[in-house]
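What follows is a single structure, written as structure tokens, with notes after it.
The numbers here are math on the coordinates, done by the rules we state, and not lab data. Quick caveat: nothing in here was measured; it's all calculated off a predicted structure. Glycine gets a Cβ as well: all are built from the backbone with ideal geometry, and neighbour counts include every protein chain shown.
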Amino acid sequence: MLDVYVRTQDAPGLVDGCLLFASRSQASDLHVEPQTLGWQVRQRVDGLLQPLVFLPLALGKAVIVRVKLLAKLDIGEQRKPQDGSFQTTINQNQLDIRCSFLPGYLGEKLVMRIQNRSQGILALADLGMSLRQLRVLQEHLQAPQGMVLVTGPTGAGKSITLYAALQNLLQPHLNVMSVEDPVEMVMLGMHQVAPAPNIGITFSSVLRALLRQDPDVIMLGELRDAESADMAIKAAQTGHLLLTSMHTNTALEAISRCFGLGVDLQGLSYCLQLVINQRLLRRLCDNCKKPLSKGQLDAAKSPIWHQVEAECGDEFGPFAPAQAVGCSQCYGGYKGRLGVFEIWPITAWQRAQIEQGQQPAKIEYAKCYQQTTICHSIYEQGIARVMAGHTGLDELKRVLV
Ligand SMILES: [Zn+2]
């Protein structure tokens with residue numbers, strides 16, 4: 001499909017064609033990068049880049065100019081990084097495109113982040129948590145105050161979880177507000193604010209103003225500096241339910257990061273209710289996956305495998321471990337993604353440790369809640385998903401080891 005635009009050297013057609021292709025594949029980003037013989041266009045689908053089309057030198061340059069014009073940027077500026085955005089409608093999907101241009105030795109590299117506004121927000125129950133994890137989270141979302149912290153590396157789906165939680169809280173008797181940089185999904189029924197540091201509107205100044213707006217529930221896109229962390233902790237202690245996220249690999253790391261920011265430890269120990277850690281795993285394509293052979297299954301049986309099998313092997317469905325094959329309907333045997341989670345409700349003794357500035361010695365998972373054993377760590381939950389044939393062992397190892 002894209003070859004037609006390459007043959008006719010049609011840069012506007014090619015940009016629209018790439019966006020159409022990306023929107024059909026549910027890609028999150030489009031990359032256009034200069035090489036010695038031309039320009040490589042790739043799309044990121046389910047977290048991995050895939051080649052889309054290769055452009056001749058002149059056409060690649062025309063694409064860069066075309067996107068700069070769409071994003072209302074200076075087409076003459078090729079030495080400095082530039083950021084911009086534009087909106088477009090493709091196949092009845094409203095797309096927000098954020099563009100970043102970075103000059104390099106061979107030319108400017110362009111990355112377009114694609115946000116589909118027409119895409120609905122996932123319900124909490126569809127995120128991928130086990131029923132017991134979901135119950136623990138829902139209990140905490142009903143609390144009148146306190147902090148729920150979502151952790152994970154970039155691209156782990158933290159925003160998806162925050163939006164799903166907010167959607168659960170959009171009720172007529174609650175004033176739900178957010179500070180996000182930038183606003184990733186527009187949600188009806190709540191007030192969303194984005195800081196604008198270029199005109200002096202910082203994250204903490206927005207948060208300060210927002211606290212005067214009588215909020216019940218506040219979502220802060222990310223905890224990143226001491227000032228906003230301190231304000232968030234105070235808000236979560238004074239009758240507000242606060243949802244936020246942090247870029248850390250593990251739940252425990254988030255506590256050390258808070259220590260590093262120099263926040264009020266007594267306040268933190270009082271308000272922190274629940275820490276979530278998460279990852280996204282690619283889902284095996286139902287059309288082409290094939291069962292693991294007996295040899296592969298025997299090789300997979302580690303001590304942790306046996307433990308998960310005994311405790312929660314059927315948590316996500318019947319035992320049917322499978323492997324990726326690949327067909328015309330998927331990419332390398334995978335299609336779509338699912339979340340795996342660790343849910344850590346803070347216990348009284350961990351609260352005391354945090355107050356004294358000590359890293360909690362270990363995480364006690366939600367079993368203290370239900371008095372039953374649950375699939376607790378994120379890796380164990382991943383193994384349970386492998387057992388149900390939802391993802392492959394190679395994917396679990398790629399993301400979590
Ligand atoms: Zn397939």
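At a glance:
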| quantity | calculated |
| --- | --- |
| Span from the the range 230-264 Cα centroid across to the the range 37-65 one, whole angstrom | 40 |
| Members of 158/301; 294/335; 80/109; 109/335 lying beyond 23 Å, as alpha-carbon distances in this model show | 158/301; 294/335; 109/335 |
| Cα Rg over Rh - the range 3-116, Kirkwood | 0.93 |
| For the range 85-100, Karplus couplings with θ = phi - 60° (6.51, -1.76, 1.60), whole Hz, Gly/Pro x | 7, 8, 10, 8, 10, 10, 6, 6, 9, 7, 10, 9, 10, 9, 10, 10 |
| Calculated diffusion of the range 190-309, Stokes-Einstein form, Kirkwood radius summed over Cα pairs, 10 °C and 1.306 mPa s, µm²/s | 89 |
| Calculated from backbone phi, Karplus (6.51, -1.76, 1.60) coupling profile of the range 106-123 in Hz, x at Gly/Pro | 8, x, 8, 9, 10, 10, 10, 8, 10, 10, 8, 5, 7, 6, x, 8, 5, 6 |
| Amide H contacts under 5 Å for residue 322, placed H, 5+ residues apart | 292, 389 |
| DSSP bridge orientation in the chain - percent antiparallel, rounded to nearest 5 | 70 |
| Within the chain, helix-based [θ] at 222 nm, where runs of 4 or more DSSP H residues each add -39,500 (n - 2.57), nearest 500 | -10000 deg cm²/dmol |
| Interchain or long-range residues, amide H under 5 Å from residue 392's placed H | 284 |
| Around residue 231: net Lys/Arg minus Asp/Glu count, Cβ-Cβ under 13 Å | 0 |
| For the chain: relative contact order, % (alpha-carbon pairs under 8 angstrom, 6 or more apart) | 13 |
| Area projected by the alpha carbon convex hull of the chain, averaged over all directions, nm² | 22.2 |
| Positive-pole candidate from 192, 378, 295, dipole of the range 124-400, charges at beta carbon | 295 |
| DSSP-defined beta bridges in the range 111-246 - what % are antiparallel, rounded to 5 | 5 |
| Cα-only Debye scattering, the range 50-155: base-10 log of I(q)/I(0) at q = 0.13, 0.14, 0.17 Å⁻¹ | -0.72, -0.78, -0.92 |
| Ranked by how many other beta carbons lie within 10 Å on average, peptides 125-133, 323-331 from highest | 125-133, 323-331 |
| FRET efficiency, residue 352 to residue 138 (Cβ-Cβ, R0 22 Å, nearest 0.05) | 0.25 |
| Over the range 3-116, relative contact order from alpha-carbon pairs under 8 Å, at least 6 apart, % | 24 |
